[in-house]
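To start, the structure itself, in structure tokens.
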């Protein structure tokens, strides 16, 4: 990497941040009105764009292309896990959780299981999920900033944290809520337009690079081509299926995905919003592998050899590197880089604010100081936000894996804990607080045991890969919850009546 | 369905919610739709990798043996492109069915 400040992306980034603050300020009053009472079919598309913009993080924007660049077909486990999960969410619990009427994971858990211990467990899990998720986003910001400013990764991380916090504070102080549809539009255009130009430069069909990357893969020398096209070069069928399944149940159990179901006026609109949301997310995922494929194509035609370590180091910014390699206009390269940063910053701000809220309300107020007033709580939340941001920074200095892999661990935790708690809470009236608490504890152990003890017990790591532990973990947790619930007293009748009459009625 | 004249004490059966033994009426039909969608989701998502794992083990031979679509092996196109469309289609069908079920039960009430 050259060590110099790249001016174009730097100025563009500054402009984009200022413009987004200004747009937020100007549309502030308009935004607070929320959705009108009647939502037409165009409204469903709007809801879908909001779902997609909430979903798109550095893992989607930078991570997937990187995994595809390194591991070819294996990356489809990520793509399918992160789209198929929405089917699971919609089909199994979208409507029911909405009818239940609780907006956050801890709220649902306390109301359903009638236990503040279960509430605290779920709050702590939700905070850990946010932390892990943020580490991946920080890595993305660090890499892009390092590229942009020509500084090393650690310095870039600090700079990125400062920029994120500044953005968070100004946006917070100005009470700016961002326009989700606009955000989605900016992200998807800044991803697809440079990709089209890359395809054109390499001589492939530029109108649909989502299809023409296949030809680019086939044009590679036969041995390289079959490496990336063949499904089991970089992982066994078990690893592929376990990863895909883990990401699916994780998606269905992810707190910030679930709460999306409440920002729309009614159940039916929320359901139809998912169809559009999936389409909008699909646009990104259809395109992402193309970056990896075109990067391989360029390397092969230009005769450039990358040793494995360099390839690994470049993978997470391969989206930007590909654009640079094929000689894309500097502005287009910058647009890609800024898209990645925006995706990461918006995800981080959302997750940190939610995490800080959980600390101040679910833990501090509910557990430590029930007499705290609102101003006091706000102060705690602000402090918690700063602590969380610094904690993430410390972990991100030595990132434990690729962006997509780190994110996958957060999904594994959600799939091993919150998914079973939601699923059984909705679909089995007999599930009680003891079952839920036992389930969350077992799920947490299953998620972290292979990470903490994997080096001592290689078999454990093979059976429960850190990114993919929920294929075995989720069923084990569900079984634990059933057994423990059976052995302990049933939940109160009033709650079961509520489930029958409110949650499971048309 | 809760009885409109719900004065009497409900039996245990009346408060039962179990995905594998859904109550007659709305819930049973809803669960049927869910099973149908889940089956279509699972078979398509995991069927292809399982099929590929059972039938193909050699990278180079696989490339010459498998059928091609749009210039890439069909299974590759299926996983990378088609399945996302399939998921969207499944959500669409599920919503249509649930809309129909909900409105028919609301009218009956």
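The values are calculated or read from the model by the stated rules, or taken from the named source; none is laboratory data. Remember, it's a predicted structure, so these values are computed and weren't measured experimentally. Here the Cβ is made from the backbone with ideal geometry for all residues, glycine too, and neighbour counts use every protein chain on show.
General remarks:
- Count of segment B:45-74 residues which are under 19 Å from residue A:211 (Cβ atoms), assigned to a helix (DSSP H, G or I) and within 7 Å of another protein chain (Cβ to nearest Cβ): 1
- Where residue A:421 falls short, out of the listed (1) in contact with a helix residue (DSSP H, G or I) (Cβ under 8 Å, 6 or more places away or on another chain); (2) surrounded by fewer than 24 Cβ atoms within 10 Å (Cβ to Cβ); (3) under 20 Å from residue A:130 (Cα atoms): (2)
- Checking residue A:102 against (1) surrounded by fewer than 24 Cβ atoms within 10 Å (Cβ to Cβ); (2) over 20 Å from the mean Cα position of the chain (by Cα); (3) assigned to a helix (DSSP H, G or I); (4) away from chain B (no Cβ under 11 Å), the condition it does not meet: (3)
- Residues (in contact (Cβ under 8 Å) with a residue 12 or more places away in the chain, more than 7 Å from chain B (Cβ to nearest Cβ) and surrounded by fewer than 24 Cβ atoms within 10 Å (Cβ to Cβ)) located in segment A:216-230: A:219, A:220, A:221, A:224
- The residues of segment A:360-382 that are within 20 Å of residue A:348 (Cα to Cα), surrounded by fewer than 16 Cβ atoms within 10 Å (Cβ to Cβ) and touching a residue at least 24 places away in the same chain (Cβ under 8 Å) amount to a single one, A:382.
- Residue match in segment A:200-214 (condition: surrounded by fewer than 18 Cβ atoms within 10 Å (Cβ to Cβ), out of contact with any strand residue (DSSP E or B) (no Cβ under 8 Å at 6 or more places or on another chain), more than 14 Å from chain B (Cβ to nearest Cβ) and assigned to a helix (DSSP H, G or I)): yes
- Considering residues of segment B:88-104 that are buried (at least 17 other Cβ atoms within 10 Å of the Cβ) and facing chain A (nearest Cβ under 9 Å) only, the residue modelled with the lowest pLDDT: B:102
- Within segment A:477-496, the set of residues being touching a helix residue (DSSP H, G or I) at 6+ places or on another chain (Cβ under 9 Å) and either assigned to a loop (DSSP other than H, G, I, E, B) or within 15 Å of residue A:418 (Cβ to Cβ) (or both) comprises A:477, A:478, A:480, A:481, A:488, A:489, A:490, A:491.
- Test: residue A:334 is within 30 Å of residue A:59 (Cβ to Cβ) and free of Cβ contacts under 8 Å to residues at least 60 places away in the same chain: no
- Consider segment A:236-267 and keep the residues that are more than 20 Å from residue A:416 (Cβ to Cβ) and at pLDDT 90 or above. The one that is surrounded by the most Cβ atoms within 10 Å (Cβ to Cβ) is A:237.
- Within segment A:394-404, the residues that satisfy the criterion of being in a helix (DSSP H, G or I) and surrounded by fewer than 20 Cβ atoms within 10 Å (Cβ to Cβ) are A:394, A:395, A:397.
- Matching entry among B:76, B:46, B:36, B:87 (being within 28 Å of residue A:274 (Cα to Cα) and touching a strand residue (DSSP E or B) at 6+ places or on another chain (Cβ under 9 Å)): B:76
- Looking across segment A:419-465, the residues that are at pLDDT below 90 and not in a helix (DSSP H, G or I) come down to A:454, A:455, A:456, A:457.
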